[in-house]
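Please treat every number below as a calculation from the coordinates, not as lab data. Small disclaimer: the values here were computed from a predicted structure and weren't measured. As a convention, Cβ positions derive from the backbone with ideal geometry for all residues, glycine included, and neighbour counts pool all protein chains shown.
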Amino acid sequence: MAQLREAMDSHRAAHQSIGLVPTMGALHAGHISLMERARKENDIVIASVFVNPTQFNNPEDLRTYPRTEQADIDALTAAGVDYAFIPSVEEIYPEPDTRVFDLGPVAEVMEGAMRPGHFNGVAQIVSKLFAMVGPTRAYFGEKDYQQIAVIRRMAELEGFDLEIVACPIMRHPDGLAMSSRNVRLSPEERAAAPAIHRILSESLAMAPATSVADVKRAVTEALDATDHLKTEYYEIVDARTMQPIADWSEAPTAVGCATVYCGDVRLIDNITYRF
Ligand code: AMP
């Protein structure tokens, strides 16, 4: 880790820009798109692979999280990153991280409400990575839309001087958002899962003529009517604040955020309503 810091210090001293892409591995084309974007915009690209235990509120989820280290190393090599940082838990947390971040309202709703401690764990690992790497820019995917808002808040709180770059969701040809968790779907579940993006997309045409409450109800009912799918929540929020809206006029850009169980695999996706 001292080595990593030294290497990054020397790049900064040479006035080279550093793009950081944090991941939890089991890399897919969604992750690679972040690395490609970082490659275009920076002199140096560093990707991290670390399944961060402090952001898992569910031990079973942590246990079953896919881990494909050799394939990840091959993918990082193919993507042309300059540094692959694949630390152990002991390296990142030589002692327990007891920091509690004041993440505010952006972290209280949706994933924050459903997964207690999750965003505090995200803030812990991302703040450590920012401190170690000192990136010029850090790249995150809009699949985890709320996470980006939380990370922006953390960076502001902690005074990190960097650009946080939000990257579009990469999807399979059938519309399913790429996710490390997709490998856990049975063939029947995998066939059902694209309905999530289809149903969210279809709801775009309902707004703004249909009320927010009715759109939420229609989306939830359509998801639940699909075999293998069970909605945990479908919330429509102001893209700037992550706070639920009651009326379309409250937000120039609203985001519909879905968490849906497909069998026992928890999938998230979202769609943007622009007016
Ligand atoms: P993860 O390994 O799931 O923690 O994801 C690492 C980063 O990749 C996060 O910033 C995610 O938002 C992003 N990411 C994951 N899936 C996708 C996707 N399908 N499209 C774009 N970015 C993604």
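Worth pointing out:
- In this entry, Pro22 passes the filter for residues that are closer than 30 Å to Tyr234 by Cβ and touching a residue at least 24 places away in the same chain (Cβ under 8 Å).
- A single entry from Val183, Val150, Val133, Val81 fulfils the requirement of being crowded, with 19+ Cβ neighbours inside 10 Å, of a type outside the set (Ser, Thr, Tyr) and more than 21 Å from Ile46 (Cα to Cα): Val150.
Let's see how each residue does on (1) touching a helix residue (DSSP H, G or I) at 6+ places or on another chain (Cβ under 8 Å); (2) among the aliphatic types (A, V, I, L, M):
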site: Met170; (1), (2): yes, yes
site: Val183; (1), (2): no, yes
site: Ala195; (1), (2): yes, yes
site: Val215; (1), (2): yes, yes
site: Asp227; (1), (2): yes, no
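- Any hit, segment 206-220, residues being acidic (Asp, Glu) and not in a loop (DSSP other than H, G, I, E, B): yes
- Of the residues examined, Ile73 is not one that is part of a helix (DSSP H, G or I), among the β-branched types (Val, Ile, Thr) and either within 13 Å of the ligand (Cβ to nearest atom) or touching a Pro at 6+ places or on another chain (Cβ under 7 Å) (or both).
- One residue stands out in segment 261-270 among those that are over 12 Å from Gln146 (Cα atoms) and part of a strand (DSSP E or B): the one that is nearest to the chain's Cα centre (by Cα), namely Leu267.
- Of all residues making up segment 221-237, the number that are assigned to a strand (DSSP E or B) and under 19 Å from Gln146 (Cβ atoms): 7
- Residue selected from segment 153-204 under the condition free of Cβ contacts under 8 Å to residues at least 40 places away in the same chain and in a strand (DSSP E or B), by the criterion farthest from Ala107 (Cα to Cα): Arg171
- For segment 238-260, taking the residues that are within 17 Å of the chain's Cα centre (by Cα) and part of a strand (DSSP E or B), the one that is surrounded by the fewest Cβ atoms within 10 Å (Cβ to Cβ) is identified as Thr259.
- Pro194 vs. criteria surrounded by fewer than 19 Cβ atoms within 10 Å (Cβ to Cβ) and closer than 12 Å to Leu267 by Cβ: yes
- Search result, residues across segment 39-60 that are more than 30 Å from Met114 (Cα to Cα) and either part of a strand (DSSP E or B) or in contact with a Lys or Arg (Cβ under 7 Å, 6 or more places away or on another chain) (or both): Glu41, Asn42, Ile44, Val45, Ile46
- Tally of residues being in contact (Cβ under 8 Å) with a residue 60 or more places away in the chain and either part of a helix (DSSP H, G or I) or more than 8 Å from the ligand (Cβ to nearest atom) (or both) across segment 140-149: 6
- Checking each residue of segment 105-125 against the condition of being away from the ligand (no atom under 14 Å from the Cβ), among the polar types (S, T, N, Q) and not in a helix (DSSP H, G or I) gives no match.
- Some residue of segment 218-238 being within 16 Å of the ligand (Cβ to nearest atom), touching a residue at least 24 places away in the same chain (Cβ under 8 Å) and closer than 30 Å to Val100 by Cβ: no
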